[in-house]
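The values are calculated or read from the model by the stated rules, or taken from the named source; none is laboratory data. This is a predicted model, so every value here is computed, not measured. Here Cβ is always computed from backbone atoms with ideal geometry, including for glycine, and neighbour counts include all displayed protein chains.
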């Protein structure tokens, strides 16, 4: 029926079990990178770029997994990344554990539909129970102390030991750009920019109200304070006609007059801009030599910014309107900046647009580090922290971390399964046992025996200590009160993680046939590169 070379696999042995095995393999890669004691992975992608990181989102993106079932888990983790910005490793580890438990049930004789029905029942019960486990709720996103407490555990899972400094830095930058007077709190992650400058150490990083570009200014003016600013997307140069023309010059006087006329026209345009009070001109294109001469003559700073995305962000920062033609801006189109200064950080020259009050809509975190890999890891941690702040603006509830929430859910789901009369009770029990994968991974990555720690956690939760989680050997027995220690997980992260993981596992279990067409011959078409949001100036 199908073209020669196509493949067809059906049944439990060929389809379901092979899918489960592929999902377990991708989870095995991620599991050892989970938690504050997780190990780094060294990944070299198809472009020979090296990544040394424990960030699950980066690892699965660069691995280029081909197996369709494993890719379903990766799609679920990518949805978690898009929705929350954190918890991608939780989704993969938990979903793979659900599939592993489902494989045991299928070998016992249950049908996939019975397992799926039990998993859906257990997931609904877990999501219903989750609000009862909330241990802390932040009162205001403008309260830096509260935000630091909530963001610190997220940073600790990536860069253990530097979470205090980075959490404070991220909170400072996020509070700067959070709308103060808006009735509906609308925090935009894109308003937090990152500039990586090699040299010094991570503790030398800083947050700036405004934007930072890794480039020199074009003219000779290197410092302007309390100035009006005009932004252009066109070249700041002599006017170019839209059509070609021919000018006949009969002698040197005519040539001189023609040249003088062009110069006078350009100087008139620069003078009109100066008369409007503008002292900083930003262009998304080039500055001509003649234009730079007149800008220097009138004491106007000239800054070139190539990225159109950064032009838009700068306009938001200074409250200006980008103009497509070199004309004098109106008062509504002119922006205001407290300070534009050219500075040196290490051996890198930067141009800083700084707003000294709280009116800035964009903040930049300048990352310092001894190597590019260290700065990349810090950038990923900052991205998680910023997304955590965004989630807190929507839902400020927190759950006990360190595996405490998972063990309590497992404890309650196990009791819930005993009340069910049908075969779905086996699937609900398997769902509760799959939740143990999180504290087991945390314990094993910390050098503890996973099952021994889980046994102690169950004993503590049976006594009513529902906030007890995995400890990093500080108290000797491997468990501690996560809430008292300030180890929290966001409610939104856990809610969506459970939902995405259960849906991904059920989707894989619903597959009973794999049909693959014969690959097309010839060279593959190159991927179309989308618009990049990063550039060399401010990334």
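When you scan segment 317-325, do you find a residue that is closer than 22 Å to residue 212 by Cβ, assigned to a helix (DSSP H, G or I) and either at pLDDT 85 or above or in the same structural domain as residue 272 (by TED's automatic domain parsing) (or both), even just one? Yes; the residues of segment 317-325 include at least one that is closer than 22 Å to residue 212 by Cβ, assigned to a helix (DSSP H, G or I) and either at pLDDT 85 or above or in the same structural domain as residue 272 (by TED's automatic domain parsing) (or both).
Scanning segment 159-180 for residues that are buried (at least 24 other Cβ atoms within 10 Å of the Cβ) and over 16 Å from residue 209 (Cα atoms) returns 166, 167.
Among residues of segment 241-254 that are at pLDDT 65 or above, those with a Cβ under 7 angstrom from a residue that is in a helix (DSSP H, G or I) and surrounded by 10 or more Cβ atoms within 10 Å (Cβ to Cβ), sequence gap 6+ or separate chain, pair up as 247/258; 249/255; 249/258. Out of 410, 396, one residue alone is without any contact (Cβ under 8 Å) to a residue 60 or more places away in the chain, touching a helix residue (DSSP H, G or I) at 6+ places or on another chain (Cβ under 8 Å) and closer than 30 Å to residue 442 by Cα. It is 410.
Taken as a whole, the structure places residue 76 among residues that are under 15 Å from residue 500 (Cβ atoms) and either within 20 Å of the chain's Cα centre (by Cα) or part of a helix (DSSP H, G or I) (or both).
Quick one: which of 376, 383 is surrounded by fewer than 20 Cβ atoms within 10 Å (Cβ to Cβ) and farther than 16 Å from residue 165 by Cβ?
Numbers: 383 fails: surrounded by fewer than 20 Cβ atoms within 10 Å (Cβ to Cβ).
None of the others qualify; the one that does is 376.
Among residues of segment 323-351 that are at positive phi, those with a Cβ under 8 angstrom from a residue that is part of a strand (DSSP E or B), sequence gap 6+ or separate chain, pair up as 346/197; 346/198; 346/199; 346/368. Among what's in segment 104-137 and is touching a strand residue (DSSP E or B) at 6+ places or on another chain (Cβ under 8 Å) and surrounded by fewer than 18 Cβ atoms within 10 Å (Cβ to Cβ), pick the residue that is nearest to residue 512 (Cα to Cα). Looking at the filtered set, the residue picked out is 131. Taking the criterion of being in contact with a strand residue (DSSP E or B) (Cβ under 9 Å, 6 or more places away or on another chain), in the same structural domain as residue 497 (by TED's automatic domain parsing) and over 21 Å from residue 129 (Cβ atoms), would at least one residue in segment 459-468 satisfy it? Scanning segment 459-468 turns up no residue that is in contact with a strand residue (DSSP E or B) (Cβ under 9 Å, 6 or more places away or on another chain), in the same structural domain as residue 497 (by TED's automatic domain parsing) and over 21 Å from residue 129 (Cβ atoms). Taking segment 178-198 as the range and being within 14 Å of residue 350 (Cβ to Cβ) and either touching a helix residue (DSSP H, G or I) at 6+ places or on another chain (Cβ under 6 Å) or modelled with pLDDT under 80 (or both) as the test, the residues that pass are 194, 196.
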